[in-house]
Amino acid sequence: MLYGAYAVADDLYFGLIIQPQLFAFFTLVNILQVYWYAYRWKKRVFIAGLALCVAYAGLHIGFWKADERAVLNHSDGAVTFLGVLPAIFIAVGFFPEFYVCVKEQSVEMSNFFIMLDILGGVFSTISLAFDHTFDYVASITYLVVVLLDIVLALMKLYFHIRGTQGRLHRDDSSTIETQTNPVHFGK
């Protein structure tokens, strides 16, 4: 949300403006699907989804207007803060994944997804280079994703070489048990 407001106020390319909005929309759809199908909260899910959309739109417009005002007032510190804060949140969001990977000695993420995420960050950074001026603050967000995804790929390679990558390194009885006993959410 913060990066979307920064992208709008800083007048980045349309693709870079719409990207965070689409990501937030699909994230919301994913969360609502969990509650819709797993917990059967039909009416509550609809109301919660509507409330989240309204809250997101209100917060986005508020951050956008605050960032736009900071640009007009030449308050570079506030603009930089609103541009760097999403990169910090993204970096912090990677650490639970790193913790799970180190704990399980395996990266349970597809190579395709990791490479797609890396390429998305690389191409978004390249698209910034074709703007009238290169926006270093905006590039931080994409480069953080690229760097941390490369760390995940290297961890996956390390665990593969070590022989702990994937489900094959786990105890056979727990693998059979999880395959025969499906998990059921809510009743």
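Annotations
- Any chance A48 is open to solvent by less than 90 Å² (accessible area, probe 1.4 Å), under 21 Å from the mean Cα position of the chain (by Cα) and more than 17 Å from G4 (Cβ to Cβ): no
- Set I47, I17, I31: member being in a helix (DSSP H, G or I) and under 28 Å from F130 (Cα atoms): I17
- Restricting segment 65-76 to residues that are surrounded by fewer than 16 Cβ atoms within 10 Å (Cβ to Cβ) and modelled with pLDDT under 80, the residue that is farthest from the chain's Cα centre (by Cα): S75
- Selection status of H160, closer than 13 Å to C101 by Cα, exposed (fewer than 14 other Cβ atoms within 10 Å of the Cβ) and free of Cβ contacts under 8 Å to residues at least 40 places away in the same chain: yes
- From I90, I61, residue being more than 30 Å from G166 (Cβ to Cβ) and at pLDDT 80 or above: I61
- Filter result for I126 (modelled with pLDDT of 85 or more and more than 19 Å from the chain's Cα centre (by Cα)): yes
- The residues of segment 85-114 that are within 15 Å of the chain's Cα centre (by Cα) and either within 20 Å of Y136 (Cβ to Cβ) or free of Cβ contacts under 8 Å to residues at least 24 places away in the same chain (or both), listed by number, are L85, P86, A87, I88, F89, I90, A91, V92, G93, F95, P96, F113.
- V146 in contact with a Lys or Arg (Cβ under 9 Å, 6 or more places away or on another chain), at pLDDT 75 or above and open to solvent by less than 30 Å² (accessible area, probe 1.4 Å): no
The values are calculated or read from the model by the stated rules, or taken from the named source; none is laboratory data. In this text the structure is predicted, and so the values were computed from the model without any measurement. Glycine also receives a Cβ, built like all others from the backbone with ideal geometry; neighbour counts cover every protein chain displayed. In case anyone asks, the SASA skips ligands and DNA or RNA and just uses the protein heavy atoms, side chains included. Shrake-Rupley method; radii C 1.70, N 1.55, O 1.52, S 1.80 Å.
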